[in-house]
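S.K.: Mind looking over this structure? Questions follow.
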Amino acid sequence: MSMNVTITSETISECQDFLHIIYDDKKYLLEEFAKEYKTNDFSLDKKLKESTIVYRGKRMTYDEFCKANHDFGEELKFVDRYNKEIYPLEYLLIMRNSDYYKAAKYIKKTEQCFQTARYYLLNSYDLLKTDFEVNWSSGYVPQFLLRTMDFTTAVVWYNSCFDYILQVAYFAFGIYKKTDEYTDQTSHEDLLKKCTYDTMGKIYSQYKTVPNYKALWEIIIKCYNALSEINSWANYIKHKGGISFKGLNPPEPFHMSMTDTKGNIVAESSNFESIEIDLDDSLLVLKDVHKAIYDCINSLIDFIDFNSAQSPKVILP
């Protein structure tokens, strides 16, 4: 005798209920609002200006919503010192100090990386794209999904900023010359492969009594510590299947385990789950990271002082 058992389960994404719109004293989900009031491509955007937005229990007028986006952007300062201060000196750097010239090029890369990260962070912070950009009839889940995608992209770019910061210091003061097996014939590509935090730390441990090197390392280590959490996130994003966000995906209806013939558990469905973070809380972490990298870039440029290319600070004996 055999028996078939069918189990039906339905789960929904919590984030579909994150955002509501109150219009004419009635509260709507995003898709409900679209169904009720959409008459053309821009009709909902116009109605939004007369509405109250409720996001995860927090109410705000349209003006307050716009102001929040503006204020968040104002806190994320630009670094544009390469074009204004360093580029005009490059023709002198390449003749007087080739290491400073290399560092200048990596300042440029650092700033570009930093501005890219800022762009994606701003996109992720934006609670609600217009109906013209993302069809409101689909509800809030697609909006929240796009925000998480922009967030993960921002994490990777911010984390990459630190690699460029290391390269700036590595080349500016000739630290690369202390790497293993270095010769004048070592290619630039091979030098880059050795520019890691561990390598820089190992070299610093040999010269940490040199005052200028100690001051330089304090700039680097302060930034490194500020990025420790997003470094972990970036590692999950690139190597461990990404990170998950509270409320984005419906909860798994079942937990599954596999056992051997003796009943020992050899694998569980939970083994394949990513770390879970709250998007809105984590945006504040990224804002702090932005400030830390901003401070680090400025401190590093001030410390190097590209105008002193002919008589740079002595870092290594």
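S.K.: Past 18 Å, Cα to Cα: identify those pairs from LYS178/LYS202; LYS102/LYS291; LYS214/LYS313; LYS77/LYS108, in the order given. The partial results should precede the final answer.
M.R.: Numbers: LYS178/LYS202 10 Å; LYS102/LYS291 25 Å; LYS214/LYS313 12 Å; LYS77/LYS108 16 Å.
Violating the 18 Å limit, Cα to Cα: LYS102/LYS291.
S.K.: Turning to a different aspect of this structure: Only one of the values [x] 19.7, 58; [y] 25.7, 91; [z] 20.0, 64 was calculated from this structure for Rg and Dmax of the Cα atoms in Å; name its label.
M.R.: [y]
S.K.: Continuing with this model, one more query. Residues of the stretch 166-186 with amide nitrogen under 13 Å from the 7 Å Cα-to-Cβ point of LYS105?
M.R.: 168, 171-172
S.K.: Something else: Among PHE151, PHE42, ALA172, whose Cα projects farthest towards the positive end of the dipole of the chain, with charges put on the beta-carbon of Lys, Arg (+1) and Asp, Glu (-1)?
M.R.: ALA172
S.K.: State, to one decimal in nm, how far the label point of TYR197 lies from the label point of GLU32, with both points 7 Å from Cα in the Cβ direction.
M.R.: Taking the simple label geometry, TYR197 and GLU32 are separated by 4.7 nm.
S.K.: Between beta-carbons, use under 12 Å as the cut-off and find the net charge around TYR224, counting Lys and Arg +1, Asp and Glu -1.
M.R.: Working: positive: LYS222; negative: ASP163, ASP198, GLU218, GLU229.
Taking every Cβ under 12 Å from that of TYR224, the sum is -3.
S.K.: Can I ask one more? Roughly what angle does helix 279-304 make with the longest principal axis of the chain, taking Cα atoms, 0 to 90 degrees, to the nearest 10?
M.R.: 10
S.K.: Which residues make up the longest stretch of the chain that has no GluC sites (Glu not before Pro) in a DSSP loop with at most 16 other Cβ atoms within 10 Å?
M.R.: Numbers: sites that count: GLU10, GLU50, GLU133, GLU181, GLU273.
Here the longest segment lacking exposed loop sites spans 182-272.
S.K.: Working with all protein chains in place, sort MET60, MET95, MET149 by solvent-accessible area computed with a 1.4 Å probe, largest first. Provide the component values of the computation, followed by the final result.
M.R.: Working: MET60 20, MET95 140, MET149 100 Å².
The ordering from most to least exposed comes out as MET95, MET149, MET60.
S.K.: Round to the nearest 10 and give me the degree value, 0 to 90, for the angle of helix 228-239's Cα axis relative to the longest principal axis of the chain.
M.R.: That works out to roughly 70 degrees.
S.K.: Pulled fully out, how much extra length does the chain show between PHE72 and GLU85, if you take 0.36 nm times their separation in residues and subtract their Cα-Cα distance?
M.R.: Working: separation 13, 0.36 × 13 = 4.68 nm, distance 2.71 nm.
Length difference between fully extended and current span is 2.0 nm.
S.K.: In nm, to one decimal, how far is the MET95 label point from the ILE275 one, both placed 7 Å along Cα→Cβ?
M.R.: Output for this residue pair reads 5.0 nm.
S.K.: Between helix 141-172 and the chain, what is the angle of the helix's C-alpha long axis to the longest principal axis, kept within 0 to 90° and rounded to the nearest 10?
M.R.: Value to nearest ten degrees: 10.
S.K.: Need one value: the accessible area of LYS246 in square angstrom, 1.4 angstrom probe, rounded to the nearest 10.
M.R.: 90
S.K.: Between ASN298 and ASP180, what is the FRET efficiency for a Förster distance of 25 Å, r being their Cβ-Cβ separation, to the nearest 0.05?
M.R.: Values: r = 32 Å, r/R0 = 1.28.
E(calc), rounded to 0.05, equals 0.20.
S.K.: How do the peptides 309-315, 158-164, 231-237, 209-215 rank, highest first, by the average count of neighbouring beta carbon atoms within 10 Å per residue? Can you show the working numbers first?
M.R.: Values: 309-315: 15.7, 158-164: 21.6, 231-237: 17.7, 209-215: 14.0.
Ranking the peptides 309-315, 158-164, 231-237, 209-215 by packing returns 158-164, 231-237, 309-315, 209-215.
S.K.: Follow-up. Roll a 1.4 Å probe over the protein chains and send me the accessible area per residue for the chain in Å².
M.R.: Details: 18110 Å² over 317 residues.
Accessible area per residue, the chain: 57 Å².
S.K.: Springs between alpha-carbon pairs under 10 angstrom, Gaussian network model over the chain: which of HIS188, HIS290, HIS20 fluctuates most?
M.R.: Result: HIS188 has the largest fluctuation of those listed.
S.K.: Report D for the stretch 1-121 in µm² per second (integer): Stokes-Einstein, Kirkwood Rh on Cα pairs, 25 °C, 0.890 mPa s. Intermediate results must be reported in sequence, preceding the final value.
M.R.: On the way: Rh = 19.8 Å.
Translational D for this selection: 124 µm²/s.
S.K.: Sticking with this structure for a sec: Where a Cα-Cα gap under 17 Å defines reach, which aspartates and glutamates qualify for LYS27, not counting those fewer than 8 residues away within the same chain?
M.R.: Here the aspartates and glutamates satisfying the reach criterion relative to LYS27 are ASP17, GLU36, ASP45, GLU50.
S.K.: With each label point set 7 Å from Cα along the Cα-Cβ vector, what nm distance links VAL285 and ARG59?
M.R.: Reported label-point gap for VAL285 and ARG59 is 3.2 nm.
S.K.: Leaving out ligands, DNA and RNA, and with a 1.4 Å probe, what % of the accessible surface on the stretch 41-133 is carbon or sulfur?
M.R.: On the way: 2630 of 5160 Å².
Summing carbon and sulfur atoms, their accessible area is 51 percent of the total for the stretch 41-133.
S.K.: With charges set only on the Cβ (+1 for Lys and Arg, -1 for Asp and Glu), what does the dipole of the chain come to about its Cα centre, in debye to the nearest 20? Working shown, then result.
M.R.: Numbers: 37 positive and 46 negative charges, 220 e Å.
Dipole size: approximately 1060 debye.
S.K.: Shifting gears a bit: Over the stretch 112-201, what per residue volume does the convex hull of the Cα atoms give, in whole Å³? Could the numbers behind the result be given before it?
M.R.: On the way: hull volume 10.4 nm³, N = 90.
About 116 Å³ per residue, rounded to a whole number.
S.K.: Also, quick follow-up: All other residues with a Cβ under 15 Å from the Cβ of PHE18 taken together, and with Lys, Arg as +1 and Asp, Glu as -1, what is their net charge?
M.R.: On the way: positive: LYS27, ARG56, LYS58, ARG59, LYS129, ARG147, LYS246; negative: GLU14, ASP17, GLU31, GLU32, ASP126, ASP278, ASP280, ASP281.
Once all neighbours under 15 Å are counted, the net charge is -1.
S.K.: Moving on to the next point. Taking θ = phi - 60°, what integer Hz values does the Karplus form 6.51 cos²θ - 1.76 cosθ + 1.60 yield along the stretch 177-191, in sequence order, with x for Gly and Pro?
M.R.: Residue by residue, the stretch 177-191 yields 6, 9, 6, 4, 6, 6, 9, 5, 9, 5, 6, 4, 4, 5, 5 Hz.
S.K.: Please list, in chain and number order, the residues 5+ apart from PHE245 or on another chain whose amide H is under 5 Å from its amide H, with Hs placed from the backbone.
M.R.: It is ILE277, by chain and number.
The values are calculated or read from the model by the stated rules, or taken from the named source; none is laboratory data. Nothing here was measured: the structure is a model prediction, and the numbers come from that model. Every residue, glycine among them, receives a Cβ derived from its backbone with ideal geometry; neighbour counts consider all protein chains shown. Protein only, heavy atoms only, side chains kept; ligands, DNA and RNA dropped before computing areas. Shrake-Rupley method; radii C 1.70, N 1.55, O 1.52, S 1.80 Å.
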